[in-house]
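Some notes on the structure that comes next.
The values are calculated or read from the model by the stated rules, or taken from the named source; none is laboratory data. Computed from a predicted model, the values in this text were never measured in an experiment. Positions of Cβ are generated from backbone atoms using ideal geometry, with glycine treated the same way; all protein chains shown enter the neighbour counts. Each accessible area value is taken on the protein alone, full model and side chains, heavy atoms only, with ligands, DNA and RNA left out. Shrake-Rupley method; radii C 1.70, N 1.55, O 1.52, S 1.80 Å.
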Amino acid sequence: MVGSDAVQVRYRYRLYPAPGQQAALARAFGCARVVFNDCLRLRDACHEAGEKIADTAVQRRVVTLAKQTPERAWLGEVSSVVLVQACQDARRAYRNWFDSLSGKRKGRRAGHPKFRRKHGRQSIRLTRNGFSLHGGRLYVAKVGEIRVRWSRSLPSEPSSVTVIREPDGRYYASFVVERQAAPLPASAREVGIDVGLDRLAVTSDGEIIANPRFLRAKERHLARAQRALSRKAKGSANRAKARRRVAVLHRKVRETRLDHAHKTALRLVREDQAVYAEDLAVSGLACTRLAKSVHDAGWSQLLRLVEEKAVHYGRTFHRIGRFVPTSQVCSECGINDGPKPLSVRTWTCAECGAVHDRDVNAAINILAAGRADRLNACGGGVRPGSGLAAAGEAGTHRSAA
Ligand SMILES: [Zn+2]
């Protein structure tokens, strides 16, 4: 499906549906949500009863047969592509959870798929037979031709689109397209990065990449708005207003963080031939009670963007797939100095006396471990242009002090 030098990426654009189209979309979102939730309920019931159910049987019961009942007759008002895709989405969510339970799927344990909620983000997914592009507009079956703000041009014909209504009331189209890679000239630099809570990331060169300061302020506004929302009576007009305010602030925080992550990822990938990071699932941090703040801090977002850009620009992004006690080992002499509480920002190695910034030391260890991984993968050879090579020489790098 994907050519050797083409990558599948998403391109997102703002949509401006007319009032009638908004009503048609609301119907489609509602039907997709109900079908998705019905799929989960049916699969849960079968699972509890110890029965196996085929994917086609789920779709038949939740869509085809349901349409014939008075309670679900309105499913017939929307495009069947939307309903089929909702079944597929539910199937994938269920399978991820199952594979994660059985250990087939690596990484962070996936929870039971969440039921879609009326007040959350709404979406429908359409394959080629459910949408098309007409004279600058997006045609969606049974909705019509929707106005799009083309902030940049699509690199290729999209294979599918997700139409989204965010909780703040804005509409977006997210197209899946193929994009040709655009490799950059080789660079001799390589870098290890340690992602953190109070700092977004620290590099093995000693560079500290902070979370943008204005993000903190926006997060404080959001927290205040959330507290205000929790005090409003259920079902009241004031509650609806407060919910909308929370959604708008959410969008601002999200956009600010995403923009900063894009710029940071682009810079790292431009400057360095290879970027190494810990696999967060393996690092153990994502499983602790820090998990929520981990996600708020945007680690996974930054690493996802670095990975995406590395593919596009012909660079290497590598996650260390095994546990390495990066914050305990001295990057100068290699001795394990024992665990350090998170409050310890700098420490002195008992063996060689080197003074370390906790995060920079970890980043240097990540660089060394990443290089060792790659050397092993290449059968011990050093690829030309991969910069300096051998693992363990990390101590020769600039330190933060
Ligand atoms: Zn040491």
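Just a few scattered comments:
- For the pair LYS263 and LEU197, a Förster radius of 22 Å applied to the C-beta separation gives a FRET efficiency near 0.65, rounded to the nearest 0.05.
- According to the Cα-based calculation, Rg over Rh for segment 1-156 is 1.01, with Rh computed by the Kirkwood formula.
- Once you reduce segment 185-222 and segment 248-277 to the center of their Cα atoms, the two points are 9 Å from each other.
- Alpha-carbon Rg with Dmax, taken over segment 164-256, Å: 19.8, 61
- Ranking TRP97, TRP74, TRP299 from most to least accessible surface, computed with a 1.4 Å probe over the protein chains only, gives TRP74, TRP97, TRP299.
- Once all protein chains are placed together, HIS47 keeps about 90 Å² accessible to a 1.4 angstrom probe.
- Cα-centred dipole magnitude for the chain, charges only on beta-carbon of K, R (+1) and D, E (-1), debye, nearest 20: 2640 debye
- When all alpha carbon pairs of segment 1-89 are counted in 10 Å bins from zero, the resulting P(r) reads 15, 36, 26, 19, 4, 0 %.
- Euclidean distance of C-alpha centroids, segment 50-88 and segment 124-161, integer Å: 24 Å
- Solvent accessible area, Å² - GLU157, 1.4 Å probe, full protein context: 130 Å²
- Taking all protein chains together and a 1.4 Å probe, the residues SER300, SER160 rank SER300, SER160 from largest to smallest accessible area.
- Working from label points 7 Å from Cα in the Cα-to-Cβ sense, the LEU65 to SER100 distance is 2.9 nm.
- Only protein heavy atoms count here; under a 1.4 Å probe, THR264 has an accessible surface of about 10 Å².
- The chain - convex hull of the alpha-carbon atoms, volume per residue in Å³: 185 Å³
- Set LYS52/LYS114; LYS104/LYS234; LYS118/LYS252; LYS142/LYS309; LYS67/LYS232 screened for pairs whose C-alpha atoms are more than 32 Å apart: LYS104/LYS234; LYS142/LYS309; LYS67/LYS232
- Spin-label model distance (nm) - ALA18 vs ASN336, 7 Å beyond Cα toward Cβ: 6.8 nm
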